[in-house]
Amino acid sequence: MKKLVPILCALLFPAFLGAQAGPLAGVDPTGATVTFWYQHSADRDKAMQAMLADFNRTNPWKITVRGEYSGGYDQIYNKMVAAIAAGKPPELVVAYQNQEATYDDALVDLNPYVNDPKWGISKELPDFFAGFINQDVSAQQGGKRLGFPPNRSIEVMYYNQAMLKRAGISAPPRTWDEFAADCRRVTGNGSYGYALDSLDASHVFAFVISRGGSFTTPDGTGYALSSPQMRDSMLFMKSLVAGGFARKIAKKYDDQGEFGNEQCAFTMSSTSGLPFYAAAVKAGKNGVFPWDIAPVPQVRPTSQPAIDLYGASVSVPKTTPQKQLAAWLFIRWFSEPRQQAAWTHVSLYFPVRKAAEPLIKDILTGDPHFATAWELLKKADLKSEPPFAGYDLVRDAISAAYNKVLDGSDVDAVLSDLQAQAQKILKESSP
Amino acid sequence: MGTENRPRPRMTPGRAALYAVLAVGGFLCVLPFLYMVSTSLKSSAETITRTSPVPFSPDFWPGVFRWSNFEEAWTRASFSLYFRNSIITAAVTVAGVIVSSSLAAYAFAKIRFPGSRPVFALLLATLIIPDSVYLVPNFIIVTRLGWYDTLAALTVPFMASAFYIFLLRQFFAQIPNELVESARIDGAGHARSLVSIVLPLSGAPLFTVAFLAFVGSWNSLQWPLVATRTSRWRPITVGLTTFISDAGPQNQLIMAGAVIAILPVVLLYFLAQKQFTEAIARSGIKG
């Protein structure tokens with residue numbers, strides 16, 4: 001027996017060491033205060049505050065998370081840039097992947113937290129949608145995980161079933177050729193096919209990936225904005241606008257009114273807009289009509305459409321090990337199925353975990369459009385926009401280029417200029 | 001008094017054409033305001049169904065005027081708090097601007113000191129720096145002074161402005177030096193000359209500077225969001241942003257909030273209109 005003790009010690013000591021090793025060894029989050037800058041306003045702000053109160057009341061470490069509405073995404077970005085420079089960042093902040101890339105060294109790599117044997121969630125990772133969970137891991141940042149998804153949405157096509165039926169169309173278009181044909185058939189008597197939002201580069205991304213293209217080079221190190229898919233996408237929309245089958249909207253969200261008033265048969269937007277389109281249909285001039293959502297048309301029929309994945313993540317700026325761990329524990333708590341389901345009930349964003357599905361059954365049965373979107377999510381080939389630092393500026397350049405082409409400029413010259421601009425921005429913004 | 005005896009100008013075809021052009025221009029300027037007011041009185045549904053941009057169309061106006069939108073905007077976005085904050089912030093900023101700008105303008109206009117011209121030129125050169133460039137340094141200074149989320153953070157950084165100094169300096173320079181020198185012969189110092197001679201003769205430009213500083217403070221959004229973390233000192237512009245969500249706006253409440261937000265500015269402009277135009281004319285600034 002005496003001989004067994006040292007052997008057991010020798011066997012167990014490395015295991016003990018393993019539990020304590022790593023960057024989180026010895027860190028105690030007890031009593032930490034976490035400031036969380038987010039974009040949720042009005043009702044969502046209230047709901048988030050209620051969830052924060054729940055966390056603050058129930059977490060065993062007596063961590064306090066203080067949520068602060070800090071404006072929209074752009075305003076939070078500006079605030080973060082200033083706060084990082086001043087050395088006063090919050091402990092938790094909402095950020096898109098390209099913004100994470102800009103903050104870069106000011107953020108904590110969450111990989112050690114995700115994989116930590118004590119505080120991590122490595123066993124639960126398979127329950128997360130792979131497209132969601134990998135979105136914040138960037139090759140440009142050497143594989144660091146600079147954020148974690150609290151929720152997501154996808155780009156879809158909203159379509160007016162009644163208008164299609166009146167035009168003799170039985171199903172939504174699956175390909176761009178069908179889409180063009182349907183737009184032509186529904187146009188007339190003051191109505192037209194597609195309410196085109198030329199102000200948001202995400203739509204262009206959705207079109208490009210639907211044709212098998214990308215905004216980036218195959219190795220993911222640079223932009224590829226003068227690709228044949230980009231050219232085809234822009235020229236396709238230009239031809240629809242020129243023919244009167246698509247019309248540019250004047251300002252963001254105007255397509256909701258056009259759709260609700262049955263002026264257009266199609267529009268493209270995020271699934272997070274579902275309640276707004278439903279409200280627009282309810283308020284429309286012609287009364288309620290049947291409508292639904294479908295995948296953005298593809299270059300050819302497919303059972304796995306390429307779809308643009310939307311949604312900002314939450315990132316943990318570098319502060320102290322105690323606060324960083326406390327911020328991570330809140331993220332972990334928020335990603336649990338119960339909290340995910342609660343947030344979906346408030347926001348109609350998708351939960352990031354499959355285990356939340358039984359908890360949102362009431363939405364899936366009560367809201368057929370959300371149910372369609374949920375099923376679409378499961379089979380889609382999810383694609384993310386470039387997570388490059390400076391991508392916000394490139395987005396503006398893409399929108400400007402898109403408008404130039406729609407207004408008649410030479411597509412090759414415009415895209416060549418766009419590609420040069422984007423590469424210049426990438427070079428200047430890269431860490 | 002003078003206007004009563006002034007003969008009415010004869011209406012010639014040229015004058016009629018001029019009036020017509022001015023009327024069209026005036027109408028185009030007023031149109032966005034009319035649209036804002038009409039939208040602020042619509043129901044949520046009407047912001048989708050009644051969207052004509054032409055005021056002569058019935059669809060430009062709401063079917064039923066919903067005055068309750070103003071009440072809803074006021075209560076849902078905590079406008080009473082934001083409104084109070086905006087008033088206090090603007091008032092403190094205006095006071096600081098008037099004091100600092102008049103002192104600096106007097107020095108540049110009436111005191112000869114070595115390097116005054118290069119220093120003034122340097123001051124004017126700061127006008128070409130975009131406001132966004134100041135964001136980070138201002139934030140660093142404010143946080144190091146411990147002013148984060150305080151009234152001082154929202155007011156002190158904006159109490160000195162090259163443009164206001166320039167505006168006042170141009171006006172002060174037109175006041176005859178003899179007046180200031182006479183006061184100095186009578187024993188008045190520069191401070192007394194400024195307060196007793198120069199400022200009383202400068203009502204119009206001071207009013208203009210006050211008005212512009214007020215509007216600048218009232219309309220600011222980015223800086224208050226950066227420099228605060230709670231609603232304690234956040235202005236009314238922050239309240240307006242709460243009606244915009246990730247996926248759609250509440251147009252009728254945004255417009256009702258906007259009407260509430262611009263009322264003080266419009267009121268102030270009508271009160272200061274005469275002084276404003278006079279000061280612009282006399283400062284030599286061209287639009």
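Values in this text are rule-based calculations from the coordinates and carry no lab data. Being a predicted model, the structure only gives us computed values, none of them experimental. Positions of Cβ are generated from backbone atoms using ideal geometry, with glycine treated the same way; all protein chains shown enter the neighbour counts.
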Please give me, ordered by residue number, the chymotrypsin sites (Phe, Trp or Tyr not before Pro) of region A:60-100 that lie in loop per DSSP and have at most 15 other Cβ atoms within 10 Å.
A:Trp61
Roughly how many whole Å is it from the C-alpha centroid of region A:244-281 to that of region B:74-140?
43 Å
Count, for each residue of B:141-148, the Cβ atoms from other chains sitting within 10 Å of its Cβ, then give me the mean as a whole number.
2
Taking 8 Å as the Cα distance limit and 6 or more residues as the minimum spacing, I'd like the relative contact order of chain A as a percentage.
24 percent
In a GNM of chain B with a 10 Å cut-off on Cα contacts, which of B:Gly146, B:Gly239, B:Gly216 has the highest mean-square fluctuation?
B:Gly146
Loop-located GluC sites (Glu not before Pro) in region A:121-207, at most 11 other Cβ atoms within 10 Å (DSSP):
none
Rough spin-label spacing in nm, given labels placed 7 Å along Cα→Cβ, for B:Ala173 and B:Leu145:
3.0 nm
Under a plain spin-label model, where a point goes 7 Å from the Cα along Cα-to-Cβ, how far apart in nm are A:Lys62 and B:Tyr35?
5.7 nm
Cβ density ranking, 10 Å radius, fewest first, applied to A:Asp396, A:Asp232 yields A:Asp396, A:Asp232
Please give the average number of partner chain Cβ atoms lying within 10 Å of the Cβ of each residue in B:41-49, rounded to a whole number.
4
What does the extension gain come out to for A:Asp410 and A:Ala85, with contour length at 0.36 nm per residue minus their alpha carbon separation?
112.8 nm
Sequence-separation-based contact order of chain B, relative, with Cα cut under 8 Å and 6+ spacing, percent:
29 percent
Roughly what % antiparallel, to the nearest 5, for the DSSP beta bridges in chain A?
55 percent
Residue order, fewest to most beta carbons within 10 Å, for A:Cys264, B:Cys29:
B:Cys29, A:Cys264
Any aspartates and glutamates whose Cα falls less than 12 Å from that of A:Lys165, other than same-chain ones fewer than 8 residues away, would be A:Asp182
Rank these for me by crowding, A:Glu91, A:Glu68, going from fewest to most other beta carbons within 10 Å.
A:Glu68, A:Glu91
Honestly the protein assembly as shown on the Cα gyration tensor test (a ≥ b ≥ c root eigenvalues; a/c under 1.5 rounded, otherwise a/b vs b/c for prolate or oblate) is just oblate
Less than 29 Å apart at the alpha-carbon level, and either on another chain or at least 8 residues along: which lysines does that give for A:Lys123?
A:Lys62, A:Lys144, A:Lys318, A:Lys323, A:Lys354, A:Lys361, A:Lys378, A:Lys379, A:Lys383
Around A:Leu107, what is the net charge, scoring Lys/Arg as +1 and Asp/Glu as -1 over all other residues with Cβ under 14 Å from its Cβ?
-2
Across region B:9-66, how large is the tail of the calculated P(r) beyond 17 Å, expressed as a percent of all Cα pairs?
48 percent
Near-label residues of region A:121-140 by backbone N, under 14 Å of a point 7 Å along Cα→Cβ of A:Arg338:
none
Which whole number gives the average count of other chain Cβ atoms within 10 Å of the Cβ atoms across peptide B:218-224?
2
Trypsin sites (Lys or Arg not before Pro) within region A:220-304: DSSP coil, no more than 12 neighbouring Cβ in 10 Å:
A:Lys251
Whole-percent pair-distance distribution, where bins are 10 Å wide, for the alpha carbons of region B:73-283:
8, 28, 31, 21, 9, 3, 0
Please find the FRET efficiency linking B:Leu122 to A:Asp396, where r is the Cβ-Cβ separation and R0 is fixed at 41 Å, and quote it to the nearest 0.05.
0.80
Distance (nanometres) between label positions extended 7 Å along Cα→Cβ at A:Glu428 and A:Thr320:
3.9 nm
